[in-house]
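As structure tokens, the structure follows; a few thoughts come after it.
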Amino acid sequence: MINRGGVGGRGPAGGGGNRQMGWMGMGGPPAGKTKNLGATLRQLLGRLRPERSLIALVVVLGSASVAFAVIGPRIIGNATNIIFNGVVGKSLPAGLTKAQAVELLRQHGQGQLAQTLSGMDVTPGKGIDFTLLGEVLMLAVGVYLVSSIFTWAQGYILAGVAQRTVYRMRRDVEAKLAQLPLKYFDSHSHGDILSRVTNDIDNVATTLQQGMSQILTSVLTVVGVLGMMFWISPLLALISLVTVPLSVVVTVLIARRSQKQFAAQWKWTGSLNGHVEEMHTGHALVQVFGQRSHAMDTFQDHNGRLFDASFKAQFLSGIIQPALQFLSNLNYVAIAVIGGYRVASGTMTLGDVQAFIQYSRQFTMPLTQIAAQMNLLQSGLASAERVFELLAADDESPDRVDAVALGEVSGRVSLEKASFRYVPDKPLIEGFDLEVRPGQTIAIVGPTGAGKTTIVNLLMRFYEIDGGVIRLDGVNTRDASRDDVRRAFGMVLQDTWLFAGTIRDNIAYGREGATEDEIVAAAQAAHVDSFVRTLPHGYDTVLDDEASDLSSGQRQLLTIARAFLADPSILILDEATSSVDTRTEVLIQAAMVRLRQGRTSFVIAHRLSTIRNADLIVVMDSGRIVEQGSHAELLLREGFYYDLYNSQFTSAWDGDGQVAQTASLKSVVTR
Amino acid sequence: MLIRLLRTYLAPYTREVTIVVILVLIQTIATLYLPNLNADIINNGITKGDVPYIWRTGGFMLGVTIVQGIIAIVAVYWASLAAMSVGRDLRAAVFRRVQDFSSREMNRLGTASLITRNTNDVQQVQLFLQIALTLLVAAPIMAVGGVIMALRENVTLSALLIVVVPIIIGLVAVMFVLGVPLFRSMQGKIDRINLVLREQIMGVRVIRAFRRTPFEQARFESANEDLTSTALRVNRIFVVMFPALMAVMNLTTIAVLWFGGQLVNSGQMPIGNVTAFLMYVMQILMSMLMAVAMVILVPRAEASAARINEVITTVPSIDEPVHPEEPTSSTGNVEFENVSFGYPGGEKPVLQDLTFELRRGETVAVIGGTGSGKTTLLNLIPRFFDVSSGRLLVDGVDVRKQPLERLWSVIGLVPQRAYLFGGTVASNLRFGDSDATDDELWHALDIAQARDFVSAMEGGLEATIDQGGTNVSGGQRQRLAIARAIVKRPSIYLFDDCFSALDAGTDSRLRAALRSETKDAMVMIVAQRVSTIMQADRIIVLDEGRVAGMGTHTELMESSEAYREIVDSQLGAAAVA
């Protein structure tokens, strides 16, 4: 399986590393659309409910930290004023009052400077008031430190809120997996379920951790800064505000074009990757079927288009930054010129101008951040919705409250007029009767795709029958708990599911609390012991996901050992058809035969010997049960089984073989 | 490795890169010039009350700003062009190289890994280059330029940088040392939790059958707690970063004002220069932070570059003959002359001293246990591997002397794992013969016992096939793969254990139909199942790379112990007795 980047890089919050890249200009995959935004948002808020007092605290801390951060430049502006006043004051003769100094400057023809001076708090002859400057700067130190501490405290608490919320969400999702009916797993692709419980939850984690605090801070900052700007100078604030819609328009205009290119880039990346995947996977075929140059042509075509789209996307999105920079510089010049003019005319102080410049710079940053965060929020909500969908799926019907305890089962199984269908309007099994005595072997045969696993599904209560009764030792399985029913069964499927853990743990999976001796005994019975002992770590060998030292045959043996340990009274076996080497095959056969001894067994059979020795053969085709009976009975009937048997174990390479085989068949029947 | 790779692949774009560097240099100078102008406005305009001067300088600033913006846009243009071109070229280079690989290289590097290298790894390098050319180039220029300008404003005040810069570096370093290992361990824990969840989904039947839901929940619970506590620690470390850096920057501003004020008071520095200085310091710090953020990308790009380089520098072990020799006719005859094969460094040869001749019209089956060399034997014919010693002739000419495309054109291969390409049933079937008519396709489907399900599919021949053929069952996939080989009408058929997903009935009908179709061809079947091969003209029994028996079923039942053993294990001793 090719990982489609989902579980790739992650940010500190446990997801979304890729999207941070996106912010830096690569452009993330198009954000998923949320079908029902309101409901999703409500559910997500509901999930945050247990943390509501902490969230309130986060909001308070965030507001405080922004408030302090916003006051900072104003204080710094005051410090600049003090310095400026000192500079100007020092250049004037000592002993004069301010009014006298202004008059003096006017007389000397320096009307402009006199004007500036009139708006300032200056004592002629006196330099910078360092006591005052020190006090103001200490205040600034305090304000900035407090702001930083609040920011940190807010982040610290929020991390806990986010992680706990995600923890609960993961826990609930996992619990849900245990409650969903098998039908859910069979009707949804495993990849889809998996991506809901992994990638989507990771995505929600990132959104909660990064998105919430950044959006909060950004919005508060915009409001705070705007307030300060209007407080200092409504005129300059209005001028600065002009650049905001301008920035938005420019960004939207460029982004609309670049988004189109990013979408094209993702599309072509997808088709190129798909092509590469196909051509590399089918490498030998491409060579032998003479498709190399064709494959290269297609590749070059996709590659060229990808280049086109990504170049345009990169270039267009690259324009945004300089364009905004230009607007911000424009704003800066406007403030410097007009502010300078007003300082000169004495209606504004230098410090205020400086503070204003700082504010106007702080103003645009959170705006672009909000835009970036909205994308993140959108994709986070889409993910949350997918998780909630899973959580809202119907549960398996609960066990009866007054469930009958099954206890030890002898292995008598009966189906009475059982009927079942996967799809309501497609009847599969209708009025099926079957009577199995303890210790009997039932072979289920039929061509590929005949629905042989349906019987397994019903016996194990993975699916519930629609009509009729299935009895275990006379007890209607519906009246017992699922656990009790399943306790009676042991299962060895062809799909050898082993989990990542040691060989010992995997065998022990068959029964809770099995002792070491029991595990080894089961391993010996299943011919597992001997090869396990040749492994460097023996029973402690860790089986990892797919790549492991064990062959498929050995894995199958392990699952047989598991069934031995479980020691059930009824067995469900699936004989291997796939490539197992001859020697292991012999071992598997022997182990299965031994496992069946003294137990009722349902075998999905492919081997002649198994089928012929079965007490009863159930023949299936296209999902239905078409015949049942013993080998001899079914052959004499010359029905579906007869054809199947003939084609399966006779040869069609030439006519002679056919005759020979049929002859031997007859002898079998008559024997 | 990254540097070497980029040096090679950036070389054609030297012009573009040079332009970018020059433009960034100009742009940086402009950026650094702006605070200077601002200082002039304060010193000469505001403090002197000279409004026309403010207007003049302001207008000039605007001019500089426009130029700077235009230059920045042009720089992004060339940077994107260079970065994306390198990405495109790298992708094509990797793809082209992989196309010429033989099975040996495919096995060594692995299909999945090659796909990743061709796509994600190239993407990583391309991303790195884009960022390097737009942001990383500017950082050192900005830092150096900022320092020079700061020194020009005031040397004494610049001493502040000696204090602040190490603090910031220290802060970032501490964050890295504490955060990165935790971060890595968190990745591992996320993988762990995803593994447990995946097992629960894939193994849902087994878990329920063995009633192990509580066990699974406990396993998950501990993984979840583990992840949460680590994630919390990581996040709590990272939330220190931003406020700490903000505090350092703000305190720097305050320090500049305090010390700058003293210098201004003693007449060593005009007041406008304090403001300018402040801006330079901020620019230096910002470019430092930018550089640090970018440096994080280097190890990742480096790893990708190494993986790409490994592909590009691998020389395919199979290559076109220098003096190709075309066979005169396509008979389908295949001769093994003392053929041995071993992997380099392998302890013992996989195949030893095989000599036999396979003729047109013959059906030859190869059987043997796992590791007996069956598939290897088959793979020698299309030259997926070359023999270690001896000769292998197809149509009378050594395969190593034939043009590869010619050799492949006479072979119809059905691999062990049936693989279909995304498209339609028809596009898959025409893979070996793009001119085949619909009738020919249906004919092939008939033989492959695939007519029924193909006609039942929506659209018939035009029915969609997903990539890999995942929308049809394993057995259907195999039958389509067989039909694909039949459409090609090769003179040599190679079936690599491709009947395994078919139930025995379909298997035997298919073989019967195939029989008449392949009258004029050589058919080689590798199989596990005795019933599949019992009726072959000749059966070759392989045991540990040697021929342990050759002949018909009847002959081998008499003469070969190894063959009897296999038959017994499958049909059951009881059945034969």
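Please treat every number below as a calculation from the coordinates, not as lab data. Being a predicted model, the structure only gives us computed values, none of them experimental. FYI the Cβ positions are ideal-geometry reconstructions off the backbone, even for glycines, and counts take in every protein chain you see.
Below is a table of values for the structure above.
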| item | result |
| --- | --- |
| The stretch A:335-420: trypsin sites (Lys or Arg not before Pro) in DSSP loop, at most 15 other beta carbons within 10 Å | A:R400 |
| Hz values of 3J(HN,Hα) by residue in the stretch A:52-61 - Karplus curve (6.51, -1.76, 1.60), Gly and Pro given as x | 5, 5, 5, 5, 4, 4, 4, 5, 4, 4 |
| Euclidean distance of C-alpha centroids, the stretch A:443-497 and the stretch B:310-378, integer Å | 48 |
| Cross-link pairs A:K183/A:K417; A:K176/A:K267; A:K176/B:K189; A:K452/B:K488; A:K126/B:K48; B:K374/B:K488 - those with Cα-Cα distance over 29 Å | A:K176/A:K267; A:K452/B:K488 |
| Sparse-neighbourhood loop sites, GluC sites (Glu not before Pro) in the stretch A:324-422 - DSSP loop, at most 11 other Cβ within 10 angstrom | A:E408 |
| Calculated log₁₀ intensity ratio I(q)/I(0) where the Debye formula runs over C-alpha points of chain A, q = 0.10 Å⁻¹ | -1.11 |
| CD proxy at 222 nm, helix term only [per DSSP H run n ≥ 4: -39500 (n - 2.57); per residue of chain A; nearest 500] | -21000 deg cm²/dmol |
| On Cα atoms only, tilt of A:37-48 relative to the major axis of chain A in degrees | 90 |
| R0 of 56 Å, Cβ-Cβ distance B:F356-A:S397: FRET efficiency to nearest 0.05 | 0.30 |
| With Cα atoms, 0 to 90° folded angle of helix B:561-571 axis to chain B main axis | 80 |
| Residues of the stretch A:452-486 with amide N under 12 Å of a point placed 7 Å along Cα→Cβ from A:K417 | A:467-469 |
| Residues whose placed amide H lies under 5 Å from that of A:D621, excluding near-sequence neighbours | A:V626 |
| Prolate/oblate/rounded label for chain B (Cα gyration tensor, a/c 1.5) | prolate |
| Unit charges on C-beta of K, R, D, E only; dipole of the stretch A:28-144, Debye | 840 |
| Cα centroid of the stretch B:200-275 to Cα centroid of the stretch B:398-475, whole Å | 55 |
| Calculated from backbone phi, Karplus (6.51, -1.76, 1.60) coupling profile of the stretch A:211-227 in Hz, x at Gly/Pro | x, 4, 5, 5, 5, 4, 4, 4, 4, 4, 4, 4, 4, x, 4, 4, x |
| Stokes-Einstein diffusion coefficient of the protein assembly as shown, Kirkwood radius over Cα pairs, 37 °C, 0.692 mPa s, in µm²/s | 91 |
| Gain on full stretching of the segment that runs from B:K348 to B:R7 - 0.36 nm per residue minus C-alpha separation | 118.5 nm |
| Separation of the B:S389 and A:L246 label points, Cα + 7 Å toward Cβ, nm | 8.4 |
| Rg/Rh for the stretch B:176-286, where both radii come from Cα atoms and Rh is the Kirkwood radius | 1.44 |
| Residues whose placed amide H lies under 5 Å from that of B:V366, excluding near-sequence neighbours | B:I525, B:V526, B:A527, B:I540 |
| GluC sites (Glu not before Pro) within the stretch B:372-476: DSSP coil, no more than 14 neighbouring Cβ in 10 Å | B:E458 |
| Charge tally in the Cβ shell below 15 Å around A:R52, where Lys, Arg are +1 and Asp, Glu are -1, A:R52 excluded | +4 |
| Evaluated at q = 0.21 Å⁻¹: base-10 log I(q)/I(0), Debye formula over Cα of the stretch B:145-191 | -0.73 |
| 18 Å cut-off, amide nitrogen to a point 7 angstrom out along B:V397 Cα→Cβ, residues in the stretch B:303-325 | B:319-325 |
| Karplus-derived HN-Hα couplings along the stretch B:321-338 (A = 6.51, B = -1.76, C = 1.60, θ = phi - 60°), whole Hz, x at Gly and Pro | x, 6, 10, x, 10, 8, x, 6, 9, 9, 8, x, 6, 10, 10, 9, 10, 6 |
| Value of [θ]222 nm, deg cm²/dmol, for chain B, DSSP H segments ≥ 4, -39500 (n - 2.57) each, nearest 500 | -20500 deg cm²/dmol |
| Partner lysines for A:K260 [C-alpha distance under 27 Å; skip if fewer than 8 residues away on the same chain] | A:K33, A:K35, A:K312 |
| Kirkwood Rh in Å, taken over all unlike Cα pairs in the stretch B:286-332 | 15.5 |
| FRET efficiency for A:K35 and A:K183, using Cβ-Cβ distance with R0 set to 25 Å, rounded to 0.05 | 0.65 |
| Pairwise centroid distance, computed over Cα atoms, of the stretch B:22-96 with the stretch A:123-146, Å | 35 |
| Debye equation applied to the C-alpha atoms of the stretch B:48-135, log10 I(q)/I(0) at 0.15 Å⁻¹ | -0.71 |
